[in-house]
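Worksheet: one structure, shown below.
The values are calculated or read from the model by the stated rules, or taken from the named source; none is laboratory data. All values reported here derive from a predicted model rather than from experimental measurement. Only protein heavy atoms, including side chains, enter the accessible area calculation; ligands, DNA and RNA are left aside. Shrake-Rupley method; radii C 1.70, N 1.55, O 1.52, S 1.80 Å.
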Amino acid sequence: MLQSDFGLETARTVIAAESEFWSDARLAAFGIDPDGEQALNVLVFAVRKQPADLLGHLRRIYRCYRSDLSEQLFAALLDLTIILGGRGSALRARLLAACRGKLSVAQAAALLKPGTRVANRYTLFTDGMLGSSDLVQQVRGADTQYDYLALANDFIEYSQLSQAIEALETGLIQQPEREDLQNSLLELYRSTKNAERFRRQYRALSDAGVALVDGWRQVAVYFDGISS
């Protein structure tokens with residue numbers, strides 16, 4: 001049975017688990033390089049063969065994280081979500097928090113969106129055969145449904161300010177009239193002193209005829225002052 005409540009104490013748990021996996025004499029007999037591409041193929045095969053093996057999922061997630069494979073990491077996290085079927089929320093939250101720096105804004109948002117999942121070519125369990133089929137939907141333009149302010153706040157909580165800025169800028173593309181997105185973005189531009197990115201976004205929104213809050217002019221004055 002899948003033990004969804006055992007939790008993940010720290011990232012060291014995953015590292016230790018992976019180390020134990022690669023010390024398996026049976027794998028060593030095949031001469032598999034733990035840092036090579038074949039290693040991930042073995043992990044994916046193991047998860048496909050035993051989808052209820054939570055440790056197998058963690059090993060796959062860590063391998064993708066360590067190798068900076070964004071698409072494969074997203075697929076590994078999504079597959080675990082599907083197999084858990086609504087259980088293990090604390091575990092999923094910790095994993096997503098640890099992996100956010102390796103995911104795009106759209107990928108993180110898709111994993112946070114309740115009831116909607118966007119599969120990619122690396123996912124294993126998106127056909128509804130395992131887990132709950134209503135967790136997975138192939139959706140075009142799903143970005144419009146995401147709460148980018150909430151996502152940005154999550155990034156800020158983990159001091160990932162660049163990702164927070166990206167989330168808010170993406171949100172403004174979808175909903176340029178949202179003053180809360182504009183105000184939060186302006187606060188980040190100012191706190192990070194990112195004048196170049198501010199000016200680029202200010203120009204783009206102005207050229208598009210977006211109704212801007214007064215804060216844009218105030219931040220423009222601020223940046224002009226510190227650059228003079």
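List of remarks:
- Single condition V139 does not satisfy, out of (1) open to solvent by less than 70 Å² (accessible area, probe 1.4 Å); (2) modelled with pLDDT of 80 or more; (3) in a loop (DSSP other than H, G, I, E, B): (2)
- Within segment 213-225, the presence of a residue that is open to solvent by less than 80 Å² (accessible area, probe 1.4 Å), modelled with pLDDT under 95, more than 14 Å from E166 (Cα to Cα) and among the β-branched types (V, I, T) is excluded.
- Among the residues making up segment 107-127, those that are assigned to a loop (DSSP other than H, G, I, E, B) and either open to solvent by less than 30 Å² (accessible area, probe 1.4 Å) or modelled with pLDDT of 70 or more (or both) are K113, T116, R117, V118, A119, N120, R121, Y122, T123, L124, F125, T126.
- Checking D68, D24 one by one, the residue that is modelled with pLDDT of 55 or more and open to solvent by 20 Å² or more (accessible area, probe 1.4 Å) is D68 and no other.
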